[in-house]
Each structure stands twice: as structure tokens, then as C-alpha cells.
Amino acid sequence: MTPKAAQTLALALHELVTNAAKYGALSCNDGCVTVEWHLSGTGDDRHVVFSWKEQGGPPIEAAPSRKGFGSRLIEATLTHELGGKATQDFAREGVRLTATLPLASVSAQEDHRFSRPRHRAARAVGDPAVLVGCKVLVVEDEYIIGQETAETLRSAGCSVRGPVGTMQEALRIAASEALDVAVLDINLNGQMVWPVAHALTARAIPFIFTTGYSTTIRIPPELDQAPRAEKPVEPAQMVTTLAAALAASSVSRGAPEHIQDEVNRA
């Protein structure tokens with residue numbers, strides 16, 4: 001599984017287990033949960049079908065009159081982040097959920113973007129005061145992480161642009177809008193965020209990378225010195241790392257010609 005798919009499914013499962021423990025089959029001794037998955041389809045139209053079935057818990061008299069946070073979370077993560085479909089059935093004998101996820105969005109394929117593990121970069125620490133009043137671009141394709149990042153930066157006194165979850169929109173903003181600094185998720189819906197980083201570099205706008213697997217990813221040499229924050233990122237680390245990037249931005253200005261050419265093409 002890709003790191004993103006693993007994290008997304010973990011969030012959905014956490015919500016299902018929590019609800020089952022509080023109100024459903026796992027809230028009593030006789031209840032149980034059956035979890036199954038299989039592959040369906042052929043060729044490029046292959047899917048992972050995942051099912052969750054509760055039984056033996058308190059009877060469900062009626063389906064909820066509105067969607068709670070948990071239902072919205074499951075729908076947002078499985079549908080929006082993995083491009084799948086999720087349906088919940090509040091049957092009397094217990095909650096059931098079926099998720100159909102494109103195999104391409106779940107299965108990790110070996111490619112040139114990943115390499116052997118290397119040493120982690122030293123953590124950069126800066127003064128959070130430098131961020132007050134700054135406009136920050138947040139590029140993040142995972143809904144919850146993006147919202148948490150934005151809230152952390154607003155609490156530090158920043159004006160936040162985003163979260164932005166697509167390469168096209170991130171490139172447009174990075175190349176044209178007034179920004180002071182940026183936070184870039186390295187893997188943006190399966191695409192490496194390097195073009196956005198190059199666009200920011202061409203405009204001398206500092207940035208940091210965030211990722212859950214930077215020790216195994218091959219970062220282009222011209223971007224390898226950018227500060228990184230390892231997911232899950234603590235709010236304090238996010239702020240101090242970003243502050244360090246902003247403080248160091250005055251040391252070097254300008255961008256190599258090949259990077260400027262890439263930005264112009266974008």
C-alpha cells in the first residue's frame with residue numbers, strides 16, 4: 001500500500017472502531033466485527049473492495065437523521081483522497097460499510113522516485129515571531145492534515161492560502177500570487193511536488209517539505225537542502241521549521257535557469 005492509502009484507511013478504521021466500541025458491536029461481550037477485502041475488475045479497472053460488518057451489538061432502531069463527524073470523515077477520506085466510493089448501511093443487526101477503492105490509488109508501485117533509506121536531515125529551528133503577518137501557502141492533499149496545518153499557522157499569526165490539494169492549482173498560486181513562505185506536501189495525489197517547489201524557488205519564496213517517508217524518497221539535488229518536517233508534524237515543529245526557512249531566505253536569492261524554464265512552461 002502507498003503511505004497515503006495506509007494513513008487514509010487507518011483514519012477510517014479508527015473512526016469505525018471508535019463508534020463500534022462506544023455504540024455498536026464492540027460495546028458488548030457478544031458483539032463482533034467481520035472485516036473482509038478482495039480485488040475485483042480486470043486490467044486498468046481493478047478495485048479493492050473492503051467491507052466492515054457488525055453484529056451482536058445493540059439493535060439499531062433507525063438510521064441517524066443526519067451525518068455525524070465520523071460519517072463525514074469516512075466519506076471525505078475514502079472518496080476524496082483515494083477516489084473511491086463508500087456506502088454505509090445502518091441495518092438493525094449492526095452497521096455495515098462497503099468501500100470500493102481504485103487499485104491504482106491504493107497499491108504502491110516501485111518507481112524511480114524512491115531510493116534506499118538515507119540519514120534524516122537535521123531539524124531547523126527558528127523564531128516563530130518572524131511568521132506573524134506572513135502569507136503562507138499550504139499545499140496538502142489530505143483534508144484533515146491540511147486543515148490542522150492551516151489552523152496551526154493561523155494560531156502563529158499567519159495568513160493562510162489553502163490548503164491546496166491539486167498540482168495545477170498549487171502551481172498557479174506558487175507562480176503568480178504574493179506569498180512569503182510555503183508548506184509543501186511532497187507527494188501530492190501521487191505526483192511529486194517538485195514543480196511547485198521550483199516555481200517558488202524561481203521567485204525566491206522559501207518553503208519547507210512535509211512527508212511521512214522522506215528518508216526513502218529521492219529529492220532532486222537542487223531541492224535537497226530545503227527544510228523538512230516529518231509527519232505526523234507537531235504544531236511547534238511546524239512553526240519553528242517554517243520560521244527557520246523564512247529567516248534563512250535572505251541568504252540566497254534567484255533561481256537556476258533550468259528551474260525558471262520549468263516555471264515558464266507551467
Scan of the range 20-41 for residues that are surrounded by fewer than 19 Cβ atoms within 10 Å (Cβ to Cβ) and part of a helix (DSSP H, G or I), ordered by number = A21, K22, S27
message = Step by step: first the residues of the range 226-249, then only those that are farther than 21 Å from A108 by Cα and assigned to a loop (DSSP other than H, G, I, E, B), then the one that is modelled with the lowest pLDDT. Which residue is that?
response = S249
inquiry  = Every residue in the range 1-24 that is in contact with an Asp or Glu (Cβ under 8 Å, 6 or more places away or on another chain), over 15 Å from Q88 (Cα atoms) and not β-branched (V, I, T), please.
reply    = K4, Q7
ask   = So which residues in the range 172-194 are among the charged types (D, E, K, R) and either at pLDDT below 95 or under 21 Å from V239 (Cβ atoms) (or both), if there are any at all?
value = D180, D185
ask   = Across the range 7-48, which residue is farthest from G212 (Cα to Cα) among those that are hydrophobic (A, V, I, L, M, F, W, C) and touching a Gly at 6+ places or on another chain (Cβ under 9 Å)?
value = C28
task = Return yes when V136 is at pLDDT 95 or above, closer than 17 Å to V193 by Cα and not in a helix (DSSP H, G or I) and no when it is not.
result = yes
ask   = Taking the range 42-78 only, how many residues are surrounded by 15 or more Cβ atoms within 10 Å (Cβ to Cβ) and part of a helix (DSSP H, G or I)?
value = 8
message = Condition first: of a type in the set (G, A, S) and either part of a helix (DSSP H, G or I) or over 18 Å from the mean Cα position of the chain (by Cα) (or both). Now tell me which residues in the range 79-89 satisfy that.
response = A86
Checking P58 against (1) touching a residue at least 60 places away in the same chain (Cβ under 8 Å); (2) over 21 Å from G146 (Cβ atoms); (3) out of contact with any strand residue (DSSP E or B) (no Cβ under 8 Å at 6 or more places or on another chain), the condition it does not meet = (1)
ask   = Would you say A197 is modelled with pLDDT under 85 and either among the β-branched types (V, I, T) or touching a helix residue (DSSP H, G or I) at 6+ places or on another chain (Cβ under 7 Å) (or both)?
value = no
query = In the range 177-196, how many are within 24 Å of A5 (Cα to Cα) and either touching a Leu at 6+ places or on another chain (Cβ under 9 Å) or not polar (S, T, N, Q) (or both)?
reply = 11
remark   = Those residues of the range 206-225 which are surrounded by fewer than 21 Cβ atoms within 10 Å (Cβ to Cβ) and part of a loop (DSSP other than H, G, I, E, B) amount to G212, Y213, S214, T215, T216, R218, P220, D224, Q225
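The values are calculated or read from the model by the stated rules, or taken from the named source; none is laboratory data. As the structure is a computational prediction, the values presented were derived from the model and not from experiment. Glycine also receives a Cβ, built like all others from the backbone with ideal geometry; neighbour counts cover every protein chain displayed.
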